[in-house]
1. Is it fair to say residue 154 is surrounded by fewer than 18 Cβ atoms within 10 Å (Cβ to Cβ), within 17 Å of the chain's Cα centre (by Cα), in the same structural domain as residue 31 (by TED's automatic domain parsing) and farther than 30 Å from residue 220 by Cα?
2. Across the stretch 1-42, which residue is surrounded by the most Cβ atoms within 10 Å (Cβ to Cβ) among those that are over 15 Å from residue 184 (Cβ atoms) and at pLDDT below 95?
3. Might you check whether a residue that is crowded, with 24+ Cβ neighbours inside 10 Å and either over 30 Å from residue 262 (Cα atoms) or in contact with a helix residue (DSSP H, G or I) (Cβ under 8 Å, 6 or more places away or on another chain) (or both) occurs anywhere in the stretch 226-237?
4. Just checking, how many residues over the stretch 175-185 are surrounded by 24 or more Cβ atoms within 10 Å (Cβ to Cβ) and either free of Cβ contacts under 8 Å to residues at least 12 places away in the same chain or assigned to a loop (DSSP other than H, G, I, E, B) (or both)?
5. Any residue in the stretch 116-124 that is outside any helix (DSSP H, G or I), closer than 30 Å to residue 214 by Cα and out of contact with any strand residue (DSSP E or B) (no Cβ under 7 Å at 6 or more places or on another chain)?
6. Please go through the stretch 186-203 and pick out each residue that is surrounded by 18 or more Cβ atoms within 10 Å (Cβ to Cβ) and part of a loop (DSSP other than H, G, I, E, B).
7. From the list 62, 96, 76, which one is more than 19 Å from residue 171 (Cβ to Cβ) and surrounded by 18 or more Cβ atoms within 10 Å (Cβ to Cβ)?
8. Looking only at the stretch 140-174, count how many residues are within 30 Å of residue 19 (Cβ to Cβ) and in a strand (DSSP E or B).
């Protein structure tokens, strides 16, 4: 069995941070951040397998769940909440769960992540089934709330994935499709909201975007199904429509867009 080393807790390679100037701090943090994309690149084969498994389930009508604690949980909620406005999918298709519930999104909830049964309890509230996929998010790879949920899922034939920043971690062992992005010690020892959080965010971007493209929510390179929920998005949609339909009048394109509610539907109305 491979040895589990908690790289995320190893001592920073920088000493006496309190003696650094602001410029030195920023330069060194940036230097560390630059290593994250390279670590993500090494994990692309794992990310591909996870994304393909999720796509298959969602194309068949399943949902995607992210489940995590602390920073990891919050990142999952951010990614899930951005799918409806960006890609026009219904709320509830991608769901983010965090140990401690909604309060934990903005405040730390003591010991919530230490419950091995809490994650599964939260999933049950959403009537989870083997049609769905559950991805556990844990920078350390040791969060009981996440590991317990994945183990219960596997007992019930629910496909599982994980994203963590330690090699050969317990959460990876509990997942069908583990992703491990090993970014090394943090600038501030153990502060996994930094490089580890950045790595998880990058992976989540890759996973959800590739899946939504597979689901037909993007055409060419455009978000043709985005929700028109603010002035900026309406303006983007109008310009998109003008380009696709080769319209020269802004107001005409805007009227067409607002009438049909999305770029895709507006284009289809002209093409049909």
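1. It is false that residue 154 is surrounded by fewer than 18 Cβ atoms within 10 Å (Cβ to Cβ), within 17 Å of the chain's Cα centre (by Cα), in the same structural domain as residue 31 (by TED's automatic domain parsing) and farther than 30 Å from residue 220 by Cα.
2. Among those that are over 15 Å from residue 184 (Cβ atoms) and at pLDDT below 95, it is 4.
3. Looking for residues that are crowded, with 24+ Cβ neighbours inside 10 Å and either over 30 Å from residue 262 (Cα atoms) or in contact with a helix residue (DSSP H, G or I) (Cβ under 8 Å, 6 or more places away or on another chain) (or both), one finds at least one in the stretch 226-237, hence yes.
4. The qualifying residues number 3.
5. The answer is no, given that none of the residues of the stretch 116-124 is outside any helix (DSSP H, G or I), closer than 30 Å to residue 214 by Cα and out of contact with any strand residue (DSSP E or B) (no Cβ under 7 Å at 6 or more places or on another chain).
6. Within the stretch 186-203, 186, 187, 192, 194 meet the criteria.
7. When all the criteria are applied, what remains is 62.
8. Total satisfying the criteria: 0.
The values are calculated or read from the model by the stated rules, or taken from the named source; none is laboratory data. For clarity, every value in this text was computed on a predicted model and none was experimentally measured. Virtual Cβ from ideal backbone geometry, glycine too; neighbours counted across all protein chains shown.
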